[in-house]
Amino acid sequence: MINSLFLINHSGDIFLEKHWKSVISRSVCDYFFEAKEKAVEPENVPPVLQTPHHYLISIYRDKLFFLSVIQTEVPPLFVIEFLHRVAEMFQDYFGECSEMVIKDNVVIVYELLEEMLDNGFPLATESNVLKEMIRPPTILRSVVNTLTGSSNVGETLPTGQLSTIPWRRAGVKYTNNEAYFDVIEEIDAILDKSGTTVFAEIQGVIEACVKLSGMPDLTLSFMNPRLLDDVSFHPCVRFKRWESERVLSFIPPDGNFTLMTYHVSAQNLVAIPVYVKQNISFFESGSCGRLDLTVGPKQTMGKTVEGMMITVHMPKAVLSANLTATQGTYTYDLATKVLVWDIGKLNPQKLPNLRGSLSLQSGAPKPEENPSLNIDLKIQQLAISGLKVNRLDMYGEKYKPFKGVKYVTKAGKFQVIRHDWTVFLACKGKP
């Protein structure tokens, strides 16, 4: 299925490659580089590209491109899911997925790829199975391997590899038994200039950290599960139980894993957490303009908006900005023409405001384009869709575990684009 895998950094350099069936020349990546140059943002590179003799399927994670080369037709989502598994496995093994970390652990990376894919087909993709086969790196183990010439590969077959529950290893024991769940939601929305919602949806994910002894059987129920659309589950979830009762029933993997992802498309269920009042104008006469931005909370259910930051992409003619911020600090990069206003926590009693003058190049015509805004924010202990966990029950074991649920709402990429007739707010982002 997958013939080759190339890892490419943000600047377009191939720093690692792995081939399974036969060696494919790096020149096949030229088609990908052409598409990358045409895309404005790395996220906009088409995930599937067709070449005369190959298909190129890629994902963009942590400022890295994972590019697979395929010679026959395969379901693209199948390959994309596998590439995400590879990135998540690097994150799980090394603590982060970056070019430097991958280069520092290149031997273990190749060992993982060899076990995860057998002759081009996925084999072992569960963290618990792989960790029994290939031990995670430690300083002591690295020193021992260097002195003795041994490797991290285990000598015995993992117990989970032949089990009906391959995602969980046998004989798990903990002194403190605990299960924690993070409900993380990101908003996509479009508003007109009056603040009316034109389009809105939510992308959600439930991340779990389960450290329980034995073989526990968990049941997680929600207060309002009917609002969830387009759900996707970890293989441990019993889908028939969800279809009939809207309850998550599963034997969990040991450690961190993504329990489910979901989509909320009902527009009336999506609350817009903040509003932005903006007035950016350029005068016909004189090389100057005015900027006035005000941000305030809208529908936050009494929670505090944190990490508030506004990024304004100015026209090329803008030389400098002389502004005053009532809260936070601002910077203007002359080279990139980007204004960044770092607000921090949003105080509803005193709304943050940024205003002042803009200086343009002498003799330059009035800019025709309207500056776009990017907004970053985070709201703790709030799921903007209103989703709430009702209860978590455990069967099969007699001890009583510690349980906890945390909610987070954020905007990975929250854009404000002002036109003469409307204002668009769109947020996009990716666990």
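The values are calculated or read from the model by the stated rules, or taken from the named source; none is laboratory data. Keep in mind that this is a model prediction, so the values were computed, not measured. No Cβ is skipped: glycine too gets one built from the backbone with ideal geometry, and neighbour counts run over all protein chains shown. All accessible areas refer to the heavy atoms of the entire protein, side chains included, with ligands and DNA or RNA removed. Shrake-Rupley method; radii C 1.70, N 1.55, O 1.52, S 1.80 Å.
Structure data summary
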quantity	calculated
Filter result for ASP376 (under 23 Å from the mean Cα position of the chain (by Cα) and open to solvent by 30 Å² or more (accessible area, probe 1.4 Å))	yes
Checklist (1) open to solvent by 50 Å² or more (accessible area, probe 1.4 Å); (2) in contact with a Cys (Cβ under 7 Å, 6 or more places away or on another chain) applied to LEU358, failing item	(1)
Subset tally (residues that are at positive phi and touching a Phe, Trp or Tyr at 6+ places or on another chain (Cβ under 8 Å)) for the range 200-245	1
Selection count where residues are open to solvent by 50 Å² or more (accessible area, probe 1.4 Å) and modelled with pLDDT of 85 or more, scope the range 267-276	1
Qualifying strands (runs of 3 or more DSSP E) (wholly inside the range 14-87; at least 1 residues being within 28 Å of GLU111 (Cβ to Cβ) and either of a type in the set (Asp, Glu) or in the same structural domain as GLU111 (by the TED database) (or both))	14-19, 55-61, 64-70
The range 214-239 residues that are more than 13 Å from MET260 (Cβ to Cβ), paired with ones that are assigned to a strand (DSSP E or B) and at pLDDT below 90 (beta carbon under 6 Å, 6 or more apart)	LEU227/VAL264
Residue match in the range 65-86 (condition: farther than 24 Å from TYR31 by Cβ, modelled with pLDDT of 90 or more, in contact with a Ser or Thr (Cβ under 8 Å, 6 or more places away or on another chain) and surrounded by fewer than 19 Cβ atoms within 10 Å (Cβ to Cβ))	yes
Selection status of ASP229, under 25 Å from the mean Cα position of the chain (by Cα), charged (D, E, K, R) and in the same structural domain as LEU191 (by the TED database)	yes
Check on VAL231, β-branched (Val, Ile, Thr) and crowded, with 18+ Cβ neighbours inside 10 Å	no
Candidate set: the range 1-32, residues that are among the polar types (S, T, N, Q) and open to solvent by 10 Å² or more (accessible area, probe 1.4 Å); chosen: the one nearest to VAL101 (Cα to Cα)	ASN9
Selection count, the range 312-339, where residues are loosely packed, with under 14 Cβ neighbours inside 10 Å, part of a loop (DSSP other than H, G, I, E, B) and not small (Gly, Ala, Ser)	4
Residues located in the range 180-204, provided they are open to solvent by less than 20 Å² (accessible area, probe 1.4 Å) and not acidic (Asp, Glu)	PHE181, VAL183, ILE187, ALA189, LEU191, ALA200, ILE202, GLY204
Residue count for the range 234-253, restricted to those that are in contact with a helix residue (DSSP H, G or I) (Cβ under 8 Å, 6 or more places away or on another chain) and buried (at least 20 other Cβ atoms within 10 Å of the Cβ)	2
Unique match (being charged (D, E, K, R), part of a strand (DSSP E or B) and modelled with pLDDT under 90) among ASP376, ASP393, ASP342, ASP292	ASP376
Answer from VAL183, VAL101, VAL144, VAL109 - the residue that is over 30 Å from GLN71 (Cβ atoms), assigned to a helix (DSSP H, G or I) and modelled with pLDDT of 80 or more	VAL101
Residue check for SER287: in the same structural domain as PHE199 (by the TED database) and either surrounded by fewer than 16 Cβ atoms within 10 Å (Cβ to Cβ) or of a type in the set (S, T, N, Q) (or both)	no
